[in-house]
1. Would you mind classifying region 172-222 by shape? Square roots of the alpha carbon gyration tensor eigenvalues, ordered a ≥ b ≥ c; an a/c under 1.5 is rounded, otherwise it is prolate if a/b is larger than b/c and oblate if not.
2. Which whole number of Å³ per residue matches the convex hull of the alpha-carbon atoms in region 75-130?
3. How would region 121-169 be classified by its alpha-carbon gyration tensor: rounded, prolate or oblate, with rounded meaning a/c under 1.5 and the a/b versus b/c comparison settling the rest?
4. Compute the Cα gyration tensor for region 115-222, then decide on rounded, prolate or oblate, letting a ≥ b ≥ c be the square roots of its eigenvalues: rounded whenever a/c is under 1.5, prolate when a/b is larger than b/c in the other cases, and oblate in all that remain.
5. Given the Cα-Cα distance of Ala77 and Gln156 and 0.36 nm per residue of separation, how much length would full extension add, in nm?
6. Neighbouring Cβ atoms within 10 Å as the yardstick, rank Thr101, Thr198, Thr203 fewest first.
7. Each residue of region 182-194 in turn: what ³J(HN,Hα) in whole Hz from Karplus with 6.51, -1.76, 1.60 and θ = phi - 60°, glycine and Pro shown as x?
Amino acid sequence: MHSLMLRIMLLCGILLLGACAARPAASPAPPSDRVAVTEQPMAEQPTTEQPTAEQPTTEQPTTEQPTTEQPTTEQPAWQTLSLINARSGASFTLGDFAGKTVYVEPMATWCSKCREQLIQLNMVRNQLDNDRFVFIALSVETAISSAELARYADTQGFDFIFAVMTPELLLALSDTFGRTISNPPATPHFIILPDGSTSGLSTGIKPADMLLTALQEAGGQQ
């Protein structure tokens, strides 16, 4: 009985082995059509920052326009000495007319040559702008009254400023221009320019056209 059982077990083992041997081997799985994609790591491109070139700012130079003001010259002392307008009685100085062209004619009421020169001067005065040109006759007769000088001017038809020189002014003008300025028959005269400077002393009777040219040049009209 025991041996029978052993045989049966042996036979079962043989059958089992045979069944395993007869079983076909599993075929390998067909290759897949899908291709494995290997993701390549993205290489980061280095970014180079371009420096921004700052454009230089060029400041436009500003040009200052020159002013056209007349330069002023320091007034000499005689231009500050007081005078009296023979007609109006108003006080003034020769320096009061800064910025204008001033014609000054020393004269005397008894001087015929002075009268002739003043006639020429009266003709010139009517051809110039009274806002830019001033005409002054100064009597060297320091003792004459303003009223008497005004009558002389009115009688002769001279329509500009007349005044009696003070002894102080006569002396100061003589020191500046020489003694000829106190000699009326020499018909001395000079011009004060707009900047306060003065021309030289001129003598002799000048015709109206010559006086006009001299004044226009002094006043900057030519």
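Throughout, read-outs are computed from the coordinates displayed, never taken from laboratory work. Computed from a prediction, not measured in an experiment: that's the story for all the values here. Note: ideal-geometry Cβ built from the backbone for every residue, glycine included; neighbour counts use all protein chains shown.
1. oblate
2. 109
3. oblate
4. Because a/c hits 1.5 or more and a/b fails to exceed b/c, region 115-222 counts as oblate.
5. That works out to 25.2 nm of additional length.
6. Ranked by crowding around the Cβ, least crowded first: Thr203, Thr198, Thr101.
7. For region 182-194, the Karplus curve yields 9, 10, x, x, 6, 6, x, 7, 8, 10, 9, 6, x Hz.
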